[in-house]
Structures are given as structure tokens and as C-alpha cells.
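Contents: one structure, followed by commentary.
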Number of protein chains: 2
Amino acid sequence: MSGKGKYHHGDLRQALIAAAVEFLADHPPADLSIRKLARSLGISEAAPYHHFADRQALELAVMAEGYALLRDRCLAAGQAGRGLEGLCAAYTGFALDHPNLFRLIHQSSAARNPANAVLYAISAEAFAPLLAEVRQRARAQGIDDEGQVGFLALMVWTQLHGLTDVLIADFLRLGDGHAAFCARAYRHIEGSLMAALDAVRRSPAPAGGDGR
Amino acid sequence: MSGKGKYHHGDLRQALIAAAVEFLADHPPADLSIRKLARSLGISEAAPYHHFADRQALELAVMAEGYALLRDRCLAAGQAGRGLEGLCAAYTGFALDHPNLFRLIHQSSAARNPANAVLYAISAEAFAPLLAEVRQRARAQGIDDEGQVGFLALMVWTQLHGLTDVLIADFLRLGDGHAAFCARAYRHIEGSLMAALDAVRRSPAPAGGDGR
DNA sequence: GTTGCAATCTTATCACTGATAAGATACCAC
DNA sequence: GTGGTATCTTATCAGTGATAAGATTGCAAC
């Protein structure tokens, strides 16, 4: 059916990735084990090595799956037109629904390394809706500088990432106040972006590293 | 000399922590191993278990050491009076000098869990100088609301954390442009804070979750 | 000083994991 | 059908986390 086809098992490669995602639903990334996944699928403990060179290769594939889920949410939020707040909620929502998958994705820098082409591409796709949102807001202010747009989108992304880190750790013991805190944080992010755009609009090009 | 005293080895507990920090200088956190540390210290491979219940306990102690280093830098930057930019530079500087230690610290939520009292306390100490800086700037604007101060300090902290994540991954392939990019990012963080303070000053209390 | 106790360290051992090699099996092209 | 290749299994090794039982050291009470 697809490119890889199916031999004995069906599609063991995908099955392993899916099993890993399921495992991460209630176990930390460090507890992932090729052998456990193999046992849970009823195959021999060495079979996975015909699809993944080593544990890291499997983890990279799982990370790609995670980024794909995140990307889908971000794309959906972008198309839903719920603005910056919707994008923020998509990001934090993904992390809260899949905290261990989110941790796996971010505890290595693999996705931010162009050497991992597939991963890098998917993570860029997840970033795209936010970039588009920032670009649109910049244009609305008469700002065309793509360097500025990229930089500011990155600032929003990193702020959102840090916020999410706090949320999944339940650092603040928010309880009922969760929604209110998130709304407040999203407002802060949006306010920061608008203030930065305003500053750019009023001053010339500040130079510095490019934004992506 | 100290509470724990010295028996056979001297202070194996501290020696193990120090060896782990040294190991992390050029190995990722996942490669940490109690046995390797023991061998590097010339003791039996089971000896560490008399000082740490399990691997996680050792990691928590190493994390505490890492947070202490970070705290020291933040405190020094706070006392040096180089303002918000100095605090940002202290944070990113620590992460760039000890990227694997930084990853270890953040890949678990342990420090953000009050159940790990020691760790929680040290991380709060690391946060304190930033909190003080934000408070001072808020006061200068006539803002006394500690909830607002805490929230905004947290926003700066999370933004800084996300930025640092990008920096240690060398996501942007900055090369020579590193310093310029950092300066730009620090300006952005400072601008966001000032804009948020300005917004608070001009409007009443917006309610929402408290800031810490 | 000697004795007794508790902390520390060692040796031995087990279960589990990552990883490789060699052989068996199933699919596909021809 | 036949051959070749991808897939899977069994067997095996090294490294790690962890525990148990015994040896050693330091300290304190007598």
C-alpha cells in the first residue's frame, strides 16, 4: 500500500513508533526500551533492530511522530483563525495532552539540527503557522522585513516553550486557576509581540542576527 | 568538619557529584552511569549506593549542584548591578558553559516540584535576583502588586529559558553573530517587560492566577 | 585501651537493556 | 518454481541498576 510495504508483521516500523507513543502516555521517556516495545507487540526482542539502527534512531522517529502531532494541531489552529491565542493554546494543549512526548521532543536538540532532515522539516512545519500569524500582524503595521518577522516569531515560540515547560511541571499548582493563568500568559505574549512590532515600526532597522 | 564527616574515602558523596558534573562536561545526561562514576573514582561499583538510594537520587543531587552554580551566577550578576541584561547573560552564559548540566536540570520537572525541597529551594534562590530586578522596575513605575511582579518575572524567566534552549542547540547557526543575536534578544526581553509594566500602570488589576 | 556498634566499602549476584551474529522464514521478481 | 532479499528468531555478549551478605573502618562508651 505504501512505500515500505508489509512483510511478516504488516508494518512493524510504524507499529513500534505507535507503541512507543502509547507507552509515553504514562511513562517517562527514560523508561522507553526497545525490548519492552517488542514484547508488547509480541515479536522477538531483536526484531526492531531491522527497522531502527539503535535506540536513538527509534527515538528520532518517535520525535518525528510527536512533532507531526504538534504540527497538525498548530496547522488546525492556524486555519481555525483563532489568532495568536489559538496557536498558543494549540501548543500548550499538545504538551498537556502528551507531556512525556513533549519532554522527549525537547530533551534532545535533534530537531533543531538540520542534520536530522526529516525531523527538522516537520518541526519547521509546526513553526510555520506561528510565523504566518506574526507576519500577518507585521504587515498590518506596515512591516515587511522578514528578518524582523522571523526574529519576533522565534521570540514568541521560545516564550511559549518556556511557558509550556512551567505548565506541564505544574510548577504553580494552578488547579482551577489554570485557564485564567493561561489566558493571562497568552495576553502577555500577544502584548509583547505587539509592543515589539510597535517599536520596530517607530524605529529604523536595528540590525543584528537574522531571525531564522 | 561538616555534618556528614569523612570515613574511608573522605567524602564520597561529594566526590560522586563532582565526578558527575565533570562527566557532563563532555557527555550527555543519558550517558551518566553510577558504575562509570565509581570506576572513575577507583571505588567499587556498589559503593555509591550507600550514598544515593538509586540513580535518580544521584541525579537530583547533581541537579542541585547545577542549580547552585546557576544561582551563584545569577546572584553575582544581580550584585554587579548590570541590570536585566546582566541577568540574562548570566543565565545563558551558564547554559552555554555547561550545556549538558543545563539539559539535565531541565529535562526533569523535579526542581519545580516542592516535594524535592532542597532542589526547589535552590532553584528559587536562582530565581530571586530576577524577581528583585523586576520588582525594582515595577516600583519605579509605581507598581506594588506582588502578584503582577511575580507573574512578570516568571514571564521573563520562561522567555529566557526558551531562548537559552535555542542557543545551546545552536539552532540558528549563529557563529560570529552570537553576541549580536543575544543582545537583540535581551533587548526584546527587556522591551517586553517594560511594555507589560506600562500596560499594568495604565490599567487596573487584571485579575487571574497569581504570579508564583 | 578495649569492646561494641554503626557507617562504609567490597564481592557476588540477579534482572534488564542495548546491540550483534548466525540461522530460519516469508515475500517478491523473474 | 527458483533465487535473492528483506524480515524475523534464537543465541549471545557487554554494560547497567540494584540488592544481599560479608568484611573493614571509624567512633563512642565503658
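The values are calculated or read from the model by the stated rules, or taken from the named source; none is laboratory data. The model shown is predicted, which means the values in this text are computed figures rather than measured ones. Note: ideal-geometry Cβ built from the backbone for every residue, glycine included; neighbour counts use all protein chains shown. The area values use the complete protein model at the heavy-atom level, side chains included, leaving out ligands, DNA and RNA. Shrake-Rupley method; radii C 1.70, N 1.55, O 1.52, S 1.80 Å.
Expressed as a whole percent, the accessible area of segment A:67-202 that falls on carbon and sulfur atoms is 52 (1.4 Å probe). Taken per residue, the accessible surface of segment B:67-202 reaches 38 Å², heavy atoms only and a 1.4 Å probe.
Each copy carries a label point for A:Asp31 at 7 Å from Cα toward Cβ; from one copy, the others' points are 2.7 nm away, ordered from shortest.
Inter-chain Cβ neighbour count for B:150-162, averaged per residue, equals 6 (cutoff 10 Å, partner chain atoms only).
Take each peptide in A:80-90, B:63-73, count the other Cβ atoms within 10 Å of every residue, and average; sorted highest first, the result is B:63-73, A:80-90. Here the label points at B:Ala18 and B:Asn113, each 7 Å from Cα along the C-beta direction, are separated by 3.0 nm in the simple model. Net charge dipole, segment B:1-150: roughly 240 debye, given to the nearest 20, about the Cα centre with Cβ charges of +1 for Lys and Arg and -1 for Asp and Glu. The Cα atoms of segment A:125-183 give a gyration tensor whose axes a ≥ b ≥ c have a/c of 1.5 or more with a/b greater than b/c, which makes the shape prolate. Segment A:20-90 and segment A:129-152 have Cα centres spaced 31 Å apart.
Rounded, prolate or oblate: pick one for the protein assembly as shown, where a ≥ b ≥ c are the square roots of the eigenvalues of its C-alpha gyration tensor, a/c under 1.5 means rounded, and failing that, prolate if a/b is larger than b/c, else oblate. Oblate shape, in that a/c is at least 1.5 and b/c is the bigger or equal ratio. The angle separating the long axis of helix A:178-202 from the principal Cα axis of greatest extent in chain A is about 50 degrees.
For segment A:67-202, just say rounded, prolate or oblate: build the C-alpha gyration tensor, square-root its eigenvalues into a ≥ b ≥ c, call rounded for a/c under 1.5, and beyond that prolate if a/b exceeds b/c, oblate if not. Verdict is oblate for segment A:67-202.
Working from Cα pairs under 8 Å separated by at least six residues, relative contact order for segment A:67-202 is 29 percent. A simple spin-label model places the labels of B:Asp170 and B:Asp144 5.2 nm from each other, with each point 7 Å out along Cα-to-Cβ.
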